[in-house]
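Beneath this line is the structure, given in structure tokens, with notes to follow.
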Amino acid sequence: MPSYEPASFEDLIAGVFSRETRTIPFHEHLPAGVFLGLLDGELNVEEQEQAVAHITLCHICAQQLDELSRSVEREQRLLEESVASATLPRFVKRSDRILDCELERRAHEERESTLRSAWQAVVRLLRSSSKVRLSYALGAACLAVCLTILLPPAIQHWQRSAVTQEHFAFSLQPIAVGSGRVEASQLVELLNSPQDRPLGEVAALLIGQLRMAGTPLWERGAAFAGLRDYTIKRGDTWETLAEQHMGSRALWPIIVLANAHLSGGGEVPDVGTVIKLPSSLEP
Amino acid sequence: MKLRHVMQERRVMLWNRILQGNPPSEEELNHELLSYSRDADEDERLAVALLYACSRIARGDSEAMKRNLLVSMLCWFSAGPRAEEKLLPQPLGGEPPRINEITGLNLSWREASMLVGSNSNDYSARKRLLECLQSTCVEVWRGLYGGSSSGPFGVGLSHA
């Protein structure tokens, strides 16, 4: 008779099945290669059957297989994650390159267009007999050149000092925020008659121009927070003013243009003159 | 390592083959187990005879009985101390589960049915399987170890 007294046939065979899977204190265990072969499906049928039978009865090997299996799964997951995260920057970098090329192309076109229009405006002004207008035209032409050539790289610093869109309430906000487009003719018009223009409009047109030159300001949320009064002191230059109030010497043409009605041929106004400066740029 | 343990390991291999749908033939079983079991104790003989009987049913013609056998084996092999971290194997479609994958899961008849790809609510199938298995076990026992009695498998033969 069996080692216990079963009450029924089912009890009897349940006991047999239970004993069949009772663990054995093996002295020898499966080598690591067998575990890996089992996980990778590289064992032949007989090797696999033997390994599985051993693992069924040896709790040490079962534990090792379990740990190895988890480890392989974890590594696989990490690998998949690293591949996924490596793909994204490559894609972003590539799309950035495409965008840069497109922006460069557009900027080039816009620069050409602006310079051509500015030149035409200057020629138009030169034909007039007014000396005042002549000197002003020359100054405006210089500014146009500065804006189209010098500003785009300099504005990168400005972009870092971003302010929120809500701070911007100029009449040409669509241009400033990028949903509108500044035409070259508008800039020429501005250069021709800055004294007739509200300062906000000047600033908006300027920002629009910067954007067209390849500097998408609002993509990083950068713009003037506003304009404020400043009284020229001894020793001030456009560069020092830009450095002190805008964070970069390279941004001086913005101040010049914002005060074009005062700056004449581009010189800093006399000490004591009140000019407009872009107010602090909030991060 | 004791011979008993070697033979237990061999039998687990053979049980797995039944679960995997590749039951060993009578000749294979004779070659692997017969001479050993004749000199073994009662528990070992019971295990060998049960393996012969299950293998015979698994090689039989009745698909329903084969399926019932698989379901029952999954239930019996999965009984035992609860395996907290184990997940239920995927239902059949890929490879059928092996013993080490189900131990401690304490599968119900319905869960085991789903694992072999059937959705049986026919709980009388279990009774039919038990009757078939018991008669086969008695037959096998007589064939392997002689005698005219039903041997240890005749226990509670009220429904036999």
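Just so it is clear, none of the values below were taken in a lab; they were calculated from the coordinates. Keep in mind it's a predicted model, so treat the numbers as computed, not measured. Cβ placement follows ideal geometry from the backbone for every residue including glycine, while neighbour counts extend to all protein chains displayed.
Which angle between 0 and 90 degrees, to the nearest 10, do you get for helix B:42-59 versus the longest principal axis of chain B when only C-alpha atoms count? Taking the Cα atoms of chain B, the angle to B:42-59 is about 60 degrees. Neighbour counting of Cβ atoms within 10 Å sorts the residues B:Phe77, A:Phe17, fewest neighbours leading, into A:Phe17, B:Phe77.
Could you work out which residue, out of B:Pro97, B:Pro23, B:Pro81, moves most in a Gaussian network model of chain B, that is, has the largest mean-square fluctuation with Cα springs under 10 Å? Answer for the Gaussian network model of chain B: B:Pro81.
Arrange the following residues from fewest to most other Cβ atoms within 10 Å of their Cβ: B:Asp43, A:Asp40, B:Asp122. Please list the in-between numbers first.
Numbers: B:Asp43 17, A:Asp40 9, B:Asp122 13.
With the fewest neighbours first, B:Asp43, A:Asp40, B:Asp122 line up as A:Asp40, B:Asp122, B:Asp43.
Rounded to the nearest 10 degrees, the angle from helix B:124-145 to the longest Cα principal axis of chain B is 20 degrees. Enter the angle in degrees (range 0 to 90, nearest 10) between the Cα long axis of helix B:3-19 and the first principal axis of the Cα atoms of chain B, meaning the one along which they spread out most. Orientation of helix B:3-19: about 50 degrees from the principal axis.
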